[in-house]
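What follows is one structure encoded as structure tokens, with my remarks underneath.
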Amino acid sequence: YENNVTYVNFDITIDTVHKYIGYETQYGDNIIMSYVLLLIEEYPEDASELVVYTDDILLQQKLKSKGVEYISTEEIYNQEDYSGIKIFHYDKNDDEHTELLSQLYSIDCKENIFDLNPNEYLLVLDSGITNEEVSFVDAFRFKNGSHESITKKRNLMFSSNNDGTFVKPLNHRQSIAINSLNDDSVPVKIVKGMVASGKSYLTFTKAKELLDKQMVNQIIFIGNSVTEKSSTSIGALPGVLQEKIGFNYSYIADVLGSKYLLEEMIRTEQLCIEYCGFIRSRTFSNAAVVVSEAQNFTTEQLELILTRIGEGSYLIIDGDYNQSDIHNSGSKRFTNKLKGSELVSIVTLTDVERSNVAKLADL
């Protein structure tokens, strides 16, 4: 067991290939196929979770004939990255555009004129202005078969330090994200975004607000022990679980305002730190389950977390596929599979808000 991966080794011989494939061969795809069938025989309880990553068309057909799931790297790297926000470039001189905008405001309009998914947002921008913030006209959310202007909503959240102040959006997409997070009828909330766009700050602040309002009894933070890309591995760390994956949730101290407040939440069990590898068979009820840096989880890990969500709980996820530190990130596939569900809301942030210096990373 190493780096969150369990390695299983079998000695594959010509006789093994002959037994499982039917004839002797040293072709790579037949060797891999015999290994797969041997793995299913030795670990039948895990057979339903077996996935083979391959671009070999012949091997894909052999796997399909045996009912084994496969994923091509083309599917992993070239699939659509669902943003949760569709753009309408509105031309005020175009009569058809004016009519479409008029329909969006009509309470009688029940037609999905922009083919939006449930809980998907429509961002209306002035087509004559390139800057998204300056060109903003309005934003709508498609829910329960109708379009709702979110600018009519009070898109604020209580500050995580519980001093009575509010977190206000710094741009229109953050306003959309807060609107999404504030919808308590949607239990799965996903906020994606580039580095320094505020996604982790907003998602944990929402989890803390749910706790402060006593809508949940506890915040469950699920971490993953992944070494950051371009960093040297620090090896097997000594100490308790919190010390081993502390780098996953240390940003919470920044959100709360101090390391002391973070430690106090852990001490009083308002915040419980869980490691992804240890949550099988667990059920998290009446909790705000937070998964930060989702790009460093595989599809199977994210699916496992999803199955742990019990009654009265919210799953709040943030991440950015482009910042993945693992080669088999499941965040994009996971998000694309969940789009269109009335239980899920997805929003993507695009503006750096940490500082002007942080914006230099775009260069």
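The values are calculated or read from the model by the stated rules, or taken from the named source; none is laboratory data. Keep in mind that what you see is a predicted model, and the values were worked out from it rather than measured. Glycine gets a Cβ as well: all are built from the backbone with ideal geometry, and neighbour counts include every protein chain shown. Accessible surface areas use protein heavy atoms only, side chains included; no ligands, DNA or RNA. Shrake-Rupley method; radii C 1.70, N 1.55, O 1.52, S 1.80 Å.
Among the residues making up the stretch 151-173, those that are under 16 Å from Asp138 (Cβ atoms) and either under 23 Å from the mean Cα position of the chain (by Cα) or of a type in the set (Gly, Ala, Ser) (or both) are Asn155, Pro169, Asn171, His172, Arg173.
Scanning the stretch 284-305 for residues that are part of a loop (DSSP other than H, G, I, E, B) and either within 16 Å of Ile316 (Cα to Cα) or in contact with an Asp or Glu (Cβ under 9 Å, 6 or more places away or on another chain) (or both) returns Ser285, Asn286, Ser292, Glu293, Phe297. Considering the conditions (1) open to solvent by 30 Å² or more (accessible area, probe 1.4 Å); (2) not in a helix (DSSP H, G or I), Ile273 is excluded by exactly one of them, (1).
From the list Val186, Val137, the lone residue that is in a strand (DSSP E or B), of a type in the set (A, V, I, L, M, F, W, C) and open to solvent by less than 60 Å² (accessible area, probe 1.4 Å) is Val137.
Take Lys152 and decide whether it is closer than 18 Å to Asp318 by Cα and basic (Lys, Arg). Judged against the criteria, Lys152 is not a match. Checking the stated criteria, Asn336 turns out not to satisfy the condition of being at positive phi, at pLDDT 90 or above and of a type in the set (S, T, N, Q). One residue stands out in the stretch 23-53 among those that are more than 18 Å from Glu69 (Cα to Cα) and open to solvent by 50 Å² or more (accessible area, probe 1.4 Å): the one that is modelled with the highest pLDDT, namely Tyr27. From the list Asn356, Asn322, Asn336, the lone residue that is closer than 26 Å to Met194 by Cβ and assigned to a loop (DSSP other than H, G, I, E, B) is Asn356. Using the structure shown, decide if Glu228 is among the acidic types (Asp, Glu), open to solvent by 70 Å² or more (accessible area, probe 1.4 Å), within 26 Å of Asn328 (Cβ to Cβ) and modelled with pLDDT under 90. When the stated conditions are applied, Glu228 passes them. Taking Asn112, is it assigned to a loop (DSSP other than H, G, I, E, B), open to solvent by 40 Å² or more (accessible area, probe 1.4 Å) and closer than 22 Å to Asn182 by Cβ? Considered against the rule, which asks whether it is assigned to a loop (DSSP other than H, G, I, E, B), open to solvent by 40 Å² or more (accessible area, probe 1.4 Å) and closer than 22 Å to Asn182 by Cβ, Asn112 comes out as no. When we screen Ala196, Ala207, Ala139 for residues that are touching a helix residue (DSSP H, G or I) at 6+ places or on another chain (Cβ under 8 Å) and on the phi < 0 side of the Ramachandran plot, the only hit is Ala139. Checked against (1) in contact with a Leu (Cβ under 8 Å, 6 or more places away or on another chain); (2) over 27 Å from His172 (Cα atoms); (3) at pLDDT below 95; (4) open to solvent by less than 50 Å² (accessible area, probe 1.4 Å), Ser329 meets all criteria but (1). The test for being under 30 Å from His327 (Cβ atoms) and of a type in the set (Asp, Glu) holds for Glu80. Give the residue that is modelled with the lowest pLDDT, with candidates limited to residues of the stretch 233-269 that are under 23 Å from the mean Cα position of the chain (by Cα) and in a loop (DSSP other than H, G, I, E, B). Only one residue fits best here, namely Ile245. Candidates are the residues of the stretch 18-37 that are in a helix (DSSP H, G or I) and among the charged types (D, E, K, R); the one that is nearest to the chain's Cα centre (by Cα) is Asp29.
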